[in-house]
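First up is the structure itself, then whatever we jot down about it.
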Amino acid sequence: MDHAQRLIELERRRRRAARLLEAGVAQAEVARRVGTTRSSVSRWERRRQEGGAEALRRPKRFGRPRRLSDAQCEELIEGLKIGALAAGFATELWTLPRIRTLIEQRFAVELTEPSVWRLLRALGWSVQRPTGQARQRDEKAIRTWKARRWPELKK
């Protein structure tokens with residue numbers, strides 16, 4: 001279950017608890033039925049009494065607002081897809097410092113590397129580590145070994 005689905009499910013539990021409380025079910029029984037603690041049910045009931053059923057809705061966002069707009073995030077994704085070479089870097093490898101620099105250059109927004117990482121995760125990106133290969137690797141010798149020597153060893 002992803003994060004958004006989990007938030008929706010938690011809101012459903014709070015609404016169900018509110019209906020049970022309105023029907024006169026004891027807080028301990030409500031907690032047992034919805035699978036939470038009595039203190040959570042008590043907190044939800046307090047919120048419901050102060051702000052009605054609307055107070056139990058999940059907030060649209062938690063924490064600080066994102067520093068990049070949706071349009072800027074789309075532009076960032078396109079820039080990442082085009083590649084690091086096209087962005088002026090020496091290799092095709094994207095790193096957090098490089099992405100941070102790209103964001104500063106394109107959008108005049110300074111982010112810390114952990115913030116860049118959180119932003120990328122929120123956009124559905126993940127770590128992709130390149131496979132390491134020895135510099136002295138000889139592809140022709142490897143093909144020859146696989147074609148000639150390996151079949152002999154398998155016998």
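Things worth noting here:
- The one condition from (1) touching a Lys or Arg at 6+ places or on another chain (Cβ under 8 Å); (2) at positive phi that G24 does not meet is (1).
- Of all residues in the range 61-84 being loosely packed, with under 11 Cβ neighbours inside 10 Å and of a type in the set (A, V, I, L, M, F, W, C), the one that is modelled with the lowest pLDDT: F62
- Pairs with Cβ under 8 Å, 6+ apart, first in the range 91-110 and without any contact (Cβ under 8 Å) to a residue 40 or more places away in the chain and at positive phi, second outside any helix (DSSP H, G or I) and small (G, A, S): none
- In the range 10-60, residue modelled with the lowest pLDDT [restricted to those that are surrounded by fewer than 14 Cβ atoms within 10 Å (Cβ to Cβ), more than 27 Å from the chain's Cα centre (by Cα) and not in a helix (DSSP H, G or I)]: G52
- V116 vs. criteria in contact with a Pro (Cβ under 9 Å, 6 or more places away or on another chain), free of Cβ contacts under 8 Å to residues at least 60 places away in the same chain, outside the structural domain of R14 (by TED's automatic domain parsing) and under 30 Å from E9 (Cβ atoms): yes
- Some residue of the range 104-115 being closer than 30 Å to R129 by Cβ and among the aliphatic types (A, V, I, L, M): yes
The values are calculated or read from the model by the stated rules, or taken from the named source; none is laboratory data. Worth saying up front: this structure is predicted, and the values here are computed from it rather than measured. Positions of Cβ are generated from backbone atoms using ideal geometry, with glycine treated the same way; all protein chains shown enter the neighbour counts.
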